[in-house]
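Visitor: Okay, here's the structure, questions in a sec.
The values are calculated or read from the model by the stated rules, or taken from the named source; none is laboratory data. The model shown is predicted, which means the values in this text are computed figures rather than measured ones. In this analysis, Cβ positions are derived from the backbone assuming ideal geometry, glycine residues included, and neighbour counts consider all displayed protein chains. Remember, those area values only see protein heavy atoms, side chains included, never the ligands or the DNA or RNA. Shrake-Rupley method; radii C 1.70, N 1.55, O 1.52, S 1.80 Å.
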Amino acid sequence: MLLKNKIALVTGASKGIGKGIALALVKQGCSVVISDIDDIELKNVEEEIKLLGTKVLAVKCDVSQKDQVDNMIDKTKEFFGGLDILVNNAGIYPFKSFTEITEEDWDRVLSVNLKSVFLCSQKSLEIMSNGASIINISSIASFVGFNGLTHYCASKGAVNSMIRALALELADRKIRVNAVAPGSIETPGANNPDENIKKQTISMIPLARMGQAEDIAGAVVFLASDLSNYITGQTIIVDGGWTLR
Ligand code: NAD
């Protein structure tokens, strides 16, 4: 086990990549705080983790709202006493052509995908000790353009830039800050029932398959563990080779 007795918090953990990350951290010995706006699915994940015999705290939280983020971290402190690993995973990717994006659309995407990283990271630092790790789920959309995702691309590009500065500021506390940029991962949010679109997507991926939540979770476990002790401020692409060509 790479993360025995560590306390980890994962946002957006009710489903998809966040759920996969939470379960992978549990397998590596972590106790976990799981949070999401969808508290019905969150309860199911909580039960699943409890059945594995792991200590788990589930907190409903919209990561774009400061009062809810503060409450989530206060509850983490009350329940576990501190935090070793923060995974900023919650994110939204509503497709809309640039000319149709409203100011509200823009603000919502930037708040959930970017402001949340600021809110969750800053508040977590109050209860993190030296040597902790912050991991952000970015996207290959921070490196390449996607039609209909201008606001999303902007939010994820900003995450990559933000963590380089934050990693510098936190280096004296030996707190490492990194990101994982997934390619096309099969999740409820990214699900497209059209088999032709899926085939088309797979044809662009050198490793010739869609990614799974576990593929992203593997990189997160690595970045949370001592195996990556000398890595900070980096964004690791996990995309089956999509962005190689
Ligand atoms: P998903 O929609 O399947 O799951 C996201 C979870 O986040 C849901 O449980 C949802 O309720 C929760 N959530 C949404 N808004 C929230 C908020 N304001 N506060 C708290 N929780 C909230 O999505 P996913 O595909 O698992 O994506 C997870 C992360 O990975 C996102 O940051 C996304 O941008 C990133 N990503 C996904 C893919 C992909 O192909 N699936 C690719 C690149 C990056």
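Visitor: Just need the relative contact order of the range 142-244 here, percent rounded to a whole number, with Cα pairs under 8 Å and 6+ apart. Please report the intermediate quantities before stating the final value.
Guide: Values: 115 pairs, mean separation 37.9, N = 103.
The value is 37 percent.
Visitor: If I ignore ligands, DNA and RNA and count only protein heavy atoms, how much of residue 2 is accessible to a 1.4 Å probe, in Å² to the nearest 10?
Guide: 80
Visitor: Now for a separate question. Near residue 72, within a Cβ-to-Cβ distance under 13 Å, what is the net charge of the other residues, with Lys and Arg +1 and Asp and Glu -1?
Guide: Taking every Cβ under 13 Å from that of residue 72, the sum is -3.
Visitor: Would you tell me the accessible area of residue 244, worked out with a 1.4 angstrom probe on the heavy atoms of the protein chains, in Å² to the nearest 10?
Guide: About 150 Å², ignoring ligands and nucleic acids.
Visitor: Right, another one. Quick one: which of 127-137, 233-243 comes out on top by average Cβ neighbours within 10 Å, and what's the full order, highest first?
Guide: 127-137, 233-243
Visitor: A follow-up question, please. In degrees between 0 and 90, to the nearest 10, how far off the longest principal axis of the chain does helix 150-170 point, with axes built from Cα atoms?
Guide: Result, in degrees: 30.
Visitor: Continuing with the same structure: Can you send over the solvent-accessible area of residue 152, 1.4 Å probe, protein chains only, in Å² to the nearest 10?
Guide: Solvent-accessible area, nearest 10 Å²: 20 Å².
Visitor: As a check on your grasp of the helix formula, calculate [θ] at 222 nm for the chain: sum -39500 (n - 2.57) over DSSP H runs of n ≥ 4, divide by the residue count, round to the nearest 500.
Guide: After summing the helix terms and dividing by the residues of the chain, the value is -12500 deg cm²/dmol.
Visitor: If the only charges are +1 at each Lys and Arg Cβ and -1 at each Asp and Glu Cβ, what is the size of the charge dipole of the range 20-146 around the Cα centre, to the nearest 20 debye? Don't skip to the end; give the middle numbers.
Guide: On the way: 12 positive and 19 negative charges, 95 e Å.
Its charge dipole is roughly 460 debye.
Visitor: Hey, which aspartates and glutamates would be in cross-link range of residue 43, C-alpha to C-alpha under 16 Å, not counting anything within fewer than 8 residues on its own chain?
Guide: Counting by Cα, and skipping residues close in sequence, residue 43 has these aspartates and glutamates nearby: 62.
Visitor: Now for a separate question. Using a cut-off of under 19 Å, list every residue of the range 69-90 whose amide N is near the label point 7 Å from the Cα of residue 39 along the Cα-to-beta-carbon line.
Guide: Counting only backbone N, you get 69-80, 90.
Visitor: For the chain, what does the accessible surface come to per residue with a 1.4 Å probe? Please give it in Å².
Guide: 49
Visitor: By its C-alpha gyration tensor, with a ≥ b ≥ c as the square roots of the eigenvalues, how is the chain shaped: rounded for a/c under 1.5, else prolate for a/b larger than b/c, else oblate?
Guide: Note, shape of the chain comes out rounded.
Visitor: Is the C-alpha gyration tensor of the range 38-108 telling us rounded, prolate or oblate? Criteria: a/c under 1.5 is rounded; beyond that, a/b larger than b/c is prolate, otherwise oblate.
Guide: prolate
Visitor: In whole Hz and in residue order, list the ³J(HN,Hα) couplings for the range 49-64 that follow from phi through the Karplus curve 6.51 cos²θ - 1.76 cosθ + 1.60, θ = phi - 60°; x for Gly and Pro.
Guide: 6, 4, 4, 7, x, 9, 6, 9, 10, 10, 10, 6, 7, 8, 5, 8
Visitor: Still on this model: For the range 145-245, build the charge dipole from Cβ charges (+1 Lys, Arg; -1 Asp, Glu) around the Cα centre, then report which of 158, 242, 216 sits farthest towards its positive end.
Guide: Toward the positive end, the furthest listed residue is 158.
Visitor: Now a separate question. Enter the mean projected area of the convex hull around the alpha-carbon atoms of the range 79-139, in nm², rounded to one decimal.
Guide: Averaging across all directions leaves 5.1 nm² for the Cα convex hull.
Visitor: Taking the Cα centre of the chain as origin, work out the dipole magnitude from +1 charges on Lys and Arg Cβ and -1 charges on Asp and Glu Cβ, in debye rounded to 20.
Guide: Roughly 700 debye for the chain.
Visitor: Could I ask something else about it? Tell me, what is a quarter of the convex hull surface for the C-alpha atoms of the range 139-185, in nm² with one decimal?
Guide: 3.5
Visitor: Can you give me the % of accessible surface on the chain that is carbon or sulfur? Probe 1.4 Å, all protein chains present, nothing else counted.
Guide: Carbon and sulfur atoms account for 53 percent of the accessible area of the chain.
Visitor: Sticking with this one: With the contact rule set at Cα under 8 Å and sequence spacing of 6 or more, what percent relative contact order holds for the range 123-167?
Guide: This gives 34 percent for the range 123-167.
Visitor: Mind ranking 176, 164, 108 by accessible surface for me, highest first, 1.4 Å probe?
Guide: Ranked from most to least accessible, the order is 164, 108, 176.
Visitor: Which shape class applies to the range 204-245: rounded if a/c is under 1.5, otherwise prolate when a/b exceeds b/c and oblate if not, where a ≥ b ≥ c are the square roots of the Cα gyration tensor eigenvalues?
Guide: The shape class here is oblate.
Visitor: In percent, how large is the relative contact order of the chain, given Cα pairs closer than 8 Å and 6 or more residues apart?
Guide: Working: 487 pairs, mean separation 50.5, N = 245.
It rounds to 21 percent for the chain.
Visitor: A further question on this structure: Filter the cross-link list 27/115; 115/199; 55/174; 6/199; 15/66 down to pairs whose alpha-carbon distance in this structure exceeds 32 Å.
Guide: Table pairs above 32 Å Cα-Cα are 115/199; 6/199.
Visitor: Convex hull volume of the Cα atoms in the range 1-87, per residue, in Å³?
Guide: Dividing the Cα hull volume of the range 1-87 by its residues yields 78 Å³.
Visitor: Could you state, as a whole-number percent, how many of the C-alpha pairs of the range 137-245 are farther apart than 16 Å?
Guide: 63
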